Amino acid sequence: MSTASSTPSLTSRSQLGWWLLFTALILTIAVYSSGLSGTYLFDDYPNVVDNHGVQPHDASVPSLVRAALSSPSSEFKRPLASLSFAANYLTTGLDPYWMKLTNLVIHLLNGLLVFLLCRALLWAASTKDVASDVAVTAKGNPDVTGARAGIVAALIATGWMLLPINLTAVLYVVQRMESLANLFVLLGLIGYVIGRQRTLKVTAASGYAPSPASGGGLGRTHFSASTRGFTLCFASIIVCTGMGILAKETAVMLPLYALLIEWLLFGFQRPRDVTAATASEAPPVRRRDRRIIALFLLVLALPMTLGLAWLLPGIFNPEVWATRNFTLATRLLSEARIIVDYIGWTLLPTPSALSFYHDNFYISSGLLTPWTTLASIVMLAALTASIVWLRKRRPLVALGIALFLGCQLLTGTILPLELIYEHRNYFASFGLLLAIVPLLVAPTQGVTALPMALPRYALFAGLMLCWTALTALTAHAWGDPLRLAEDLANRAPRSPRAQYELGRTYIIYSHYDPTSPFTKLAYAPLEKAAATPGSSILPEQALIFMNSRMHLPLKDAWWDSMVAKLKAHKPGVQDESSLGALTQCVREQRCDLPTGRMMGSFVAALSHPNPSARLLATYGDYAWNVLDDHELGERMTREAVKTNPSEPAYQITLIRMLAVQGRNAEAELALRKLTALNIGGRLDQDLSTLRALPGLR
């Protein structure tokens, strides 16, 4: 009777995790709904709004290939993410609401995958022959263990979906690249964990498979199950890593995450050697599975070696760091502080910490400059050592810390990327929650019970409430462009980008009307941004652009500041965009800018070695269309083609220049070179238009 009555209870508990997850999905939708009505921001413009490649006229193969290869964010083009933007455009145009809604759907799918992965990891940890974070209150009863794993997994997924640090992966349109890449990372890890559990699965109910000598025939049944499990492990890593990289390069970390799971939960074990085992004997010792070791040599060690061999020559080239305000050494010192900050921003976030713009970060110039640099290095070393110390005592805590630190190895070490971005913690935050949530919600009874259950439960509830509230408030701000600009400027008053964005938003709301109240509001944040050390020329460009459009006087101080910045440092992407915007404004006769000032700006920008193809092409555009200096325009465009021969836009411009001058033979030769870049027919329309020019065929 007691057994019969307990069955419904176990069934209810096994379903509770799913009900909690369903509730979390609904809550996440409610929290983010107010932010879907916002607009585009920052890098959304070059990647989506101003990127005509992801705005195809139809769904033909050439149009989709062009869209797939149109991303300016990476040399690898991130085709899967670009195709998703193109799909949005084909169905709903450039309306940011649907772009953000698609991001939210991806985030919810990732929440589901986090739940499934956590449940698999919790189950794997609870069946280890060591102490686990998930206590088994009824030893030998897998239903009880499975039910508890589902509940804890749902709580981890809930917290992860509502973490404020993950908001930019949802409402910042371009960061679909990050969330989409992690969709495949999570799928790959789920497949790997399931595959490994299958490779270790035994066939006999007693926990031992019969040996061939006893006539039980270990051979075919055991071999096929183990082989199928290993095949799933192999396919999950290879396929999901490949698909994820098509969205963003961060998916390359999947093999490392799988290695950490293998080390801390499965120990590279192979199925028990049962050739001499009987039910009365002690369990035989497991040995290393050479297939698993070979797998990671193939999918991790070999690619990592080749990748470093490819990257390191550039990393140690000072020219690579010329556009940054930090060196390799100061970057490594600074990232130690940043990674420690990420821990606080994830678990105990504040509005001032999660300010989106972090370009005002104080770079470390030595171990004690500031002193928190050394303290952060010591803390990271302690966390690394704790992984080894906890791996048998608390494997999930060790794994969570390892996943968090492992996630930082790509973006927080030697690559010359910008120092800080909140979305880089989209996967790393999962590691932190995996480490702490099982501890906070551990049961009051069981083999690994923790004391002070009520305070722990209260702490977890308080964290969940704080995370949800801050995410909801931030999402509300993201729902209106002006409200967002003002909120971010208040969160980061010393950030040049935040102040620039506020000024730019005021300009947009002014509609270039000198009498608008927003016009007067625009000057203060833009001039504040321009005066901030280390800022780009974006603020000066915005001030010049605004006043010129409104036919108001242009201050000499704006031009002088812009030229001084371009002389002091090699132009970065934002500087090049600023010069491009001013050139376009003059070319379209919307701005009347003094030629001498514009030429001085270009000369300053080009005074540094090895100018980028984009800068050369912009100067060529200005020379050809504004100065009417065709010789200079053509020469600069040829240099752009030479600098980046794989970019068709520069070659298209050069062909048009040659055709206008009647140099048809040279134009034909350039056209044949362009044809070689017509991958998948992506340039069919451009080639057809060029061949229609007089004198070409």
Roughly how many debye, to the nearest 20, is the charge dipole of the chain about its Cα centre, given +1 on each Lys and Arg Cβ, -1 on each Asp and Glu Cβ, and no other charges? 2460
Ranked highest first by the average count of other Cβ atoms within 10 Å around their residues, in what order do 520-527, 575-582 fall? 575-582, 520-527
Largest-first ordering by accessible area, 1.4 Å probe, given options 422, 588: 588, 422
Can you tally the net charge around residue 47? Count Lys and Arg as +1, Asp and Glu as -1, for every other residue whose Cβ sits under 12 Å from the Cβ of residue 47. +1
Quickly estimate the mean residue ellipticity at 222 nm for the chain, helices only: each DSSP H run with n ≥ 4 gives -39500 (n - 2.57), and the total goes over all residues, rounded to 500. -20500 deg cm²/dmol
Quick one: length gained pulling residue 513 to residue 112 fully straight, 0.36 nm per residue minus the C-alpha distance? 139.5 nm
To the nearest 20 debye, what is the magnitude of the charge dipole of the stretch 502-627 about its Cα centre, counting +1 on the Cβ of each Lys and Arg and -1 on the Cβ of each Asp and Glu? 140
What is the distance in Å between the Cα centres of the stretch 643-697 and the stretch 483-536? 41
Under the 7 Å Cα-to-Cβ spin-label approximation, residue 235 and residue 97 lie apart by a distance in nanometres of 4.1
Among [x] 3, 13, 20, 20, 16, 12, 9, 5, 2, 0, 0; [y] 3, 12, 17, 15, 12, 10, 8, 7, 4, 3, 2, 2, 2, 1, 1, 1, 0, 0, 0; [z] 3, 13, 21, 24, 18, 11, 6, 3, 1, 0, find the value of P(r) over Cα pairs in 10 Å bins from 0, in percent that was calculated from the structure presented, and write down its label. [z]
Lys/Arg Cβ at +1, Asp/Glu Cβ at -1, dipole of the chain taken about the Cα centre: which of 326, 56, 193 is farthest positive-ward? 193
Return one number: the angle in degrees, 0 to 90 and rounded to the nearest 10, between the long axis of the Cα atoms of helix 453-478 and the longest principal axis of the Cα atoms of the chain. 20
Carbon and sulfur: what percent of the stretch 370-422's accessible surface (1.4 Å probe)? 78
Rounded to a whole %, the carbon-and-sulfur portion of the accessible area of the stretch 498-559 at a 1.4 Å probe is 63
Work out the FRET efficiency for residue 127 and residue 22 from their Cβ-Cβ distance, taking R0 = 30 Å, and round it to the nearest 0.05. 0.65
Accessible area expressed per residue, the chain, with surrounding protein chains retained (probe 1.4 Å, Å²): 44
At 0.36 nm per residue, minus the direct Cα-Cα distance, what do residue 415 and residue 87 gain on full extension? Give it in nm, one decimal, please. 114.9 nm
Under 14 Å from the Cβ of residue 525, count the other residues' Cβ atoms, weight Lys and Arg +1, Asp and Glu -1, and hand me the total. +1
Degrees separating the helix 517-531 axis from the principal Cα axis of the chain, which is the longest one: 80
Taking the chain as the reference, fit the longest principal axis to its C-alpha atoms, fit the long axis of helix 613-625 to the helix C-alpha atoms, and give the angle between the two in degrees, 0 to 90, nearest 10. 30
When Lys and Arg each count +1 and Asp and Glu each count -1, what net charge do the other residues less than 12 Å away from residue 377, Cβ to Cβ, add up to? 0
Pull the list of the chain cysteines that no other Cys approaches to under 4.7 Å, Cβ to Cβ. 118, 233, 240, 407, 466
Run the paramagnetic zone check for residue 456: 7 angstrom along Cα to Cβ, then residues of the stretch 415-446 with backbone nitrogen under 15 Å. 434-446
So how far apart, in nm, are the two label points at residue 628 and residue 316 if each is 7 Å from Cα heading toward Cβ? 5.4
Post the alpha-carbon centroid distance, the stretch 566-610 to the stretch 348-384, in whole angstrom. 35
Based on the Cβ-Cβ distance of residue 673 and residue 587, what FRET efficiency does E = 1/(1 + (r/R0)^6) give at R0 = 41 Å, to the nearest 0.05? 0.95
Contour minus Cα-Cα span, residue 465 to residue 371, at 0.36 nm per residue, comes to 30.5 nm
Here FRET efficiency (C-beta to C-beta, residue 568 to residue 309, R₀ 41 Å, nearest 0.05) is 0.75
Name the shape class, rounded, prolate or oblate, that the alpha-carbon gyration tensor gives for the stretch 538-697, where a ≥ b ≥ c are the square roots of its eigenvalues, rounded holds for a/c under 1.5, and otherwise prolate holds if a/b is larger than b/c and oblate otherwise. prolate
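The values are calculated or read from the model by the stated rules, or taken from the named source; none is laboratory data. Here the structure is a predicted model, which means the values were calculated and not measured. Cβ coordinates were reconstructed from backbone atoms using ideal geometry, including for glycine residues, and neighbour counts include every protein chain displayed. Heads up: the accessible areas ignore ligands, DNA and RNA and are worked out on the full protein's heavy atoms, side chains in. Shrake-Rupley method; radii C 1.70, N 1.55, O 1.52, S 1.80 Å.
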